[in-house]
Amino acid sequence: MELHSEDQVVTVGYFQGGKARNVIPESVEFGGTFRSLSHEGLAYLQRRIKQIVEMQAAVYQCSAVMDIREDAPAMVNDPGLYEHGRHVGEALLGKSKVEVFPINMGSEDFSCFAEKMRAAAFAVGIKNETLKSHQPLHSPSLSTKKLCQ
């Protein structure tokens, strides 16, 4: 069995089947995302997802059709540009106002540019716990209504 030691995540974002509780649907569809911190990790996940889906379908004498689309790779900052940006932020805002953004599994389209040239991504924002602006971007707890009024 092939193993991969890097952090990875698979999210099943939706699952759709029939509409009645007592009828087995003719087909089922599900979808989501898979993320890794490297191209090798993404390739590994793609192979494993395909293997698992096809094997599970075969167990029930069914077939599986897959449509795997390439997503943006992990955003990896250029160390020199990152340090320069951090120093500029600290000079403008003060060291206590600049937080290090940890490596995460978020997908960022900007990462496609970062594969072709030196790049660094920074997040600029506010933090107001009363207005819940401190919640993660795609969190159901994030509320921007009061911020935009």
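Would region 47-65 turn up any residue that is touching a strand residue (DSSP E or B) at 6+ places or on another chain (Cβ under 7 Å), exposed (fewer than 13 other Cβ atoms within 10 Å of the Cβ) and over 22 Å from S139 (Cβ atoms)? Taking every residue of region 47-65 in turn, none turns out to be touching a strand residue (DSSP E or B) at 6+ places or on another chain (Cβ under 7 Å), exposed (fewer than 13 other Cβ atoms within 10 Å of the Cβ) and over 22 Å from S139 (Cβ atoms). When residues in region 18-41 are screened for being surrounded by 12 or more Cβ atoms within 10 Å (Cβ to Cβ) and either over 16 Å from M66 (Cα atoms) or in contact with a Lys or Arg (Cβ under 7 Å, 6 or more places away or on another chain) (or both), 6 of them pass.
Taking residues in region 117-129 that are open to solvent by 60 Å² or more (accessible area, probe 1.4 Å), and partners anywhere that are modelled with pLDDT of 70 or more and in a loop (DSSP other than H, G, I, E, B), the pairs with Cβ atoms closer than 8 Å and at least 6 places apart or on different chains are R118/D78; F122/F101; A123/F101. Y44 fulfils the conditions (1) in contact (Cβ under 8 Å) with a residue 24 or more places away in the chain; (2) within 30 Å of G125 (Cα to Cα) except for a single criterion, (2).
In region 71-90, the residues that are outside any loop (DSSP other than H, G, I, E, B) reach residues that are surrounded by 15 or more Cβ atoms within 10 Å (Cβ to Cβ) with C-beta atoms within less than 6 angstrom, at least six apart or across chains, in these pairs: L81/A120; Y82/A120; G85/A120; G89/V98; E90/V98.
Evaluate region 93-113: report whether one residue or more is open to solvent by 50 Å² or more (accessible area, probe 1.4 Å), closer than 29 Å to T11 by Cα and in a helix (DSSP H, G or I).
From region 93-113, those open to solvent by 50 Å² or more (accessible area, probe 1.4 Å) are 93, 95-97, 99-104, 108-110, 112-113; that's our starting set.
Next cut, closer than 29 Å to T11 by Cα only: 99-104, 108-110, 112-113.
The next check asks that each one be in a helix (DSSP H, G or I); those that pass are 112-113.
Within region 93-113 (the criterion being open to solvent by 50 Å² or more (accessible area, probe 1.4 Å), closer than 29 Å to T11 by Cα and in a helix (DSSP H, G or I)), the answer is yes, since at least one residue qualifies.
In the set (1) among the acidic types (D, E); (2) surrounded by fewer than 10 Cβ atoms within 10 Å (Cβ to Cβ); (3) under 22 Å from the mean Cα position of the chain (by Cα), D7 fails one condition alone, (2).
The values are calculated or read from the model by the stated rules, or taken from the named source; none is laboratory data. Treat the numbers as computed from the prediction; the structure is a model and nothing was measured. Backbone-built Cβ (ideal geometry, glycine too); neighbour counts: all protein chains shown. Note: accessible area is taken over every heavy atom of the protein model, side chains too, but ligands, DNA and RNA are not part of it. Shrake-Rupley method; radii C 1.70, N 1.55, O 1.52, S 1.80 Å.
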